[in-house]
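Input: a single structure, listed below in structure tokens.
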Amino acid sequence: MPCPFCDRISSGPLDAENELAVAFADAFPLSPGHMLIIPRRHVEDYFALDEAEQAAIWQLVSQVRTRLDAERHPDGYNLGVNVGEAAGQTVAHAHVHLIPRYEGDVPDPRGGIRWLLAEKAKYWEQG
């Protein structure tokens, strides 16, 4: 089965890139400006990337964040890396989600990524 991320690297458009990684808009964005940062090399598991590839990804995360700050003025960000099916990874190519957050986009943003396991999200209410 062809990899949609490898296809995107080949066909573009890309929003940002460096020697080892690229960035482009998520096809199913959670919020305006939701971006994916991925290695050029097809590797399924983020932890299988070498140090240079990981550094290249985080360099682009910062670069894209700076651009999103200037263009969209979000109030915060969530960063996400899903590794493996049990963690919700649906595209078998390592990637980092950079998700801009906006005041009022959810009624109560406390807990952030803890909402992956909703029954544990409200840790401040647990005794």
Just one of (1) in contact (Cβ under 8 Å) with a residue 12 or more places away in the chain; (2) not in a loop (DSSP other than H, G, I, E, B) trips up residue 83, so point out which. (2)
For the subset of the stretch 48-88 comprising residues that are of a type in the set (S, T, N, Q) and in contact with a Pro (Cβ under 9 Å, 6 or more places away or on another chain), which member is nearest to residue 100 (Cα to Cα)? 78
Extreme residue, nearest to residue 91 (Cα to Cα), among residues of the stretch 12-28 that are in contact (Cβ under 8 Å) with a residue 24 or more places away in the chain and part of a loop (DSSP other than H, G, I, E, B): 26
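Give the stretch 65-80 a look and list any residue that's among the hydrophobic types (A, V, I, L, M, F, W, C), in a helix (DSSP H, G or I) and within 15 Å of the chain's Cα centre (by Cα), or say none.
68
Please go through the stretch 95-104 and pick out each residue that is farther than 18 Å from residue 3 by Cβ and either in contact (Cβ under 8 Å) with a residue 12 or more places away in the chain or hydroxyl-bearing (Ser, Thr, Tyr) (or both).
Selection gives 98, 99, 100, 101, 102, 103.
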Identify all residues within the stretch 18-49 that are within 26 Å of residue 74 (Cβ to Cβ) and surrounded by fewer than 17 Cβ atoms within 10 Å (Cβ to Cβ); write none if there are none. 18, 25, 26, 27, 28, 29, 30, 31, 32
Is there any pair with a first residue in the stretch 105-120 that is of a type in the set (A, V, I, L, M, F, W, C) and a second that is surrounded by 11 or more Cβ atoms within 10 Å (Cβ to Cβ) whose Cβ atoms are under 6 Å apart and which are 6 or more apart or on different chains, and what are they? 115/121
State whether one or more residues within the stretch 24-41 are over 30 Å from residue 117 (Cβ atoms) and in contact with a helix residue (DSSP H, G or I) (Cβ under 8 Å, 6 or more places away or on another chain). yes
Filter result for residue 98 (touching a strand residue (DSSP E or B) at 6+ places or on another chain (Cβ under 9 Å) and more than 15 Å from residue 16 (Cα to Cα)): no
Considering only the stretch 40-52, state which residues are closer than 15 Å to residue 82 by Cβ and either in contact with a strand residue (DSSP E or B) (Cβ under 8 Å, 6 or more places away or on another chain) or not in a helix (DSSP H, G or I) (or both). 43, 44, 45, 46, 49
The one condition residue 92 fails out of (1) assigned to a loop (DSSP other than H, G, I, E, B); (2) without any contact (Cβ under 8 Å) to a residue 60 or more places away in the chain is (2)
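Only the coordinates and a few stated rules stand behind these numbers; no lab work does. What you see is a predicted model; the values in this text were computed from it and never measured. Reconstructed Cβ throughout: ideal geometry from the backbone, glycine too, with neighbour counts over all protein chains shown.
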